[in-house]
Amino acid sequence: MGSSELLSKMLSGDRLALARLISHIESRPSDHLAILSKVQERCRGVPVIGITGPPGAGKSTLVDQLITRLRQQKEKIGVVAIDPSSPFSGGAVLGDRIRMQGHAGDESVFIRSLGSRGSRGGLSRATREVVKLYDAFGMDLVLVETVGVGQTELDIMALASTTIVMLTPESGDAIQTLKAGILEIADIFVVNKSDREGADRILSELKVMLEISSKNGGWKVPVLPLQAVKGIGIEELIARIEDHREWSHRIGQKEREKITQEEVAEIVMDELRKRLTFSVLPGDNPYRKAEELLKGVLWNKQRSARQGRTKARKD
């Protein structure tokens, strides 16, 4: 089945076509830009909730609980679970059906695991594209669970409309979270396993640090206690997610323009990596080689501009 037929079936609500199209896009085929251009035309701007935090924080348990509560509101939900990639195949090591078994038979929930594929930002390049497929498919909400959190785990902030950073009492001194840059990532903090010793301390320290270093734009980042495995605190978290969504709608067009600019740059860089061909010798200076390549790109751009002006004058 060709990609155009798969896309047509997916847009008509075929879940199998959606699964196959995700696999097709993840393999980076030659026609993936053409496919995604058509997908983009059907996108409505689905809300994306990013959930990140250190291993063992309970991210998958939280995703499972959010699905359960949001399905009670008749929401159609897409989930992207980013798993550590196999160093040999690049595929996801953990399986989505293992972690979220209870929702596997729900026709209004679609869960897909993606390998991080060595991405330093914690997300594979296909993650954004899978979110777009979910959007075009008609999902009301997308949940993205990342591998971990730290200075290099910043991609989720650019992708998600709301980013939840999940910590536990065992996450260590909250000062370390500040050093890791988590304060810049989080729209909402949750401290899971809040019945354990040390939870009150990390909750208090986070609140103090957020008072000192408030986010730009006027959003006051909530710090919420949570016991995900028992479902305690989930309703409060959903309410704060809604609050942030409403606040985001009020901040205007500039932030959305910035996100689109970043997306265009990411697509261009990805395509350049694939299409740029050059040879190097063992003793080549990499900086000089890069400069030569950039000059070549700029020269071709200037030549195309001159040709365009010449053609315009002739017309």
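The values are calculated or read from the model by the stated rules, or taken from the named source; none is laboratory data. Quick caveat, the model's predicted, so the values are computed rather than measured. Note that we place each Cβ from the backbone using ideal geometry, even for glycine, and neighbour counts take in every protein chain shown. Heavy atoms of the whole protein, side chains included, go into the accessibility calculation; ligands, DNA and RNA do not. Shrake-Rupley method; radii C 1.70, N 1.55, O 1.52, S 1.80 Å.
Computed extension gain for Arg250 through Arg15, at 0.36 nm per residue and net of the alpha carbon distance, reaches 81.2 nm. Taking 0.36 nm per residue of separation and subtracting the Cα-Cα distance, full extension of the segment from Glu205 to Leu281 would add 22.0 nm.
If you take all other residues with their beta carbon under 15 Å from the beta carbon of Leu16, and give Lys and Arg +1 and Asp and Glu -1, the sum is +1. When you count the other C-beta atoms within 10 angstrom of each residue and take the mean per peptide, 270-280, 223-233, 7-17, 56-66 line up highest first as 56-66, 223-233, 7-17, 270-280. Electrostatic tally near Val130: other residues with Cβ closer than 9 Å to its Cβ, Lys and Arg +1, Asp and Glu -1, net +1. Amide H contacts under 5 Å for Asp83: Leu114, Gly115, Ser116, restricted to partners 5 or more places along the chain or on a different chain, H placed in the peptide plane at 1.01 Å from N. Spin-label pair Ile238-Glu107: with each label point 7 Å from Cα along the Cα-Cβ axis, the two points sit 2.2 nm from one another. Taking all protein chains as shown and a probe of 1.4 angstrom, Thr260 keeps an accessible surface of around 80 Å².
Note on Lys193: accessible area is roughly 60 Å² with a 1.4 Å probe, heavy atoms of protein only. Applying 1/(1 + (r/R0)^6) with r as the Cβ-Cβ distance of Arg69 and Leu33 and R0 = 35 angstrom yields a FRET efficiency of 0.40.
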